[in-house]
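Taken together, the values in this text are just the output of simple stated rules run on the coordinates, not laboratory data. Remember, it's a predicted structure, so these values are computed and weren't measured experimentally. Cβ placement follows ideal geometry from the backbone for every residue including glycine, while neighbour counts extend to all protein chains displayed.
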Amino acid sequence: MSSEDQIFDRSWAEALVTAGLERLSADYKGESKEKLFNELRIFLTSGAEPLPTYAELAVRLGMTESTLRSHVTRLRARYREALRAEVRRTVDTEAEVDEELHELLRVLTEG
């Protein structure tokens, strides 16, 4: 694959991730849960920084660890659906959605 193709693929992947996060952020804002989303999004986008422990974050948010775990699990599921929805807008079948999501993962993990 040429470097131009790699740049295009990386740009496509980053745009898709951004669109998925924006969609999810808007959903949480519409539910008056913007602060929760802003605190939890690190579990979707963490980079080199270590993630906070559930115990630390639960204290900061004033909830139990089990409630926090539930919120993170739901956030991740909703993020998957947001990404699927973004891809679905560009292809015709669910099989193509799955193929594009596999390609997205490949591009993002190549580094």
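Would you check if there is a residue in region 40-59 being basic (Lys, Arg) and part of a helix (DSSP H, G or I)?
Here is the first cut: in region 40-59, the residues basic (Lys, Arg) are 41.
Then drop every residue that is not part of a helix (DSSP H, G or I), which leaves none.
No: region 40-59 contains no residue that is basic (Lys, Arg) and part of a helix (DSSP H, G or I).
Does Val91 fit the bill of being over 13 Å from the mean Cα position of the chain (by Cα), closer than 20 Å to Phe8 by Cα and not in a helix (DSSP H, G or I)? Talk me through it step by step, then tell me what you get.
Numbers: over 13 Å from the mean Cα position of the chain (by Cα): yes; closer than 20 Å to Phe8 by Cα: yes; not in a helix (DSSP H, G or I): yes.
So Val91 fits the description; yes.
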Scanning region 7-54 for residues that are small (Gly, Ala, Ser), exposed (fewer than 11 other Cβ atoms within 10 Å of the Cβ) and at negative phi, which turns out nearest to the chain's Cα centre (by Cα)? Gly47
Contact list, first residue from region 65-83 and in contact (Cβ under 8 Å) with a residue 12 or more places away in the chain, second anywhere and among the hydroxyl-bearing types (Ser, Thr, Tyr) and assigned to a helix (DSSP H, G or I), beta-carbon distance below 6 Å, six or more apart or interchain, is Leu68/Tyr54
Is one or more of the residues making up region 91-104 in contact with a Gly (Cβ under 7 Å, 6 or more places away or on another chain) and closer than 26 Å to Gln6 by Cβ? no
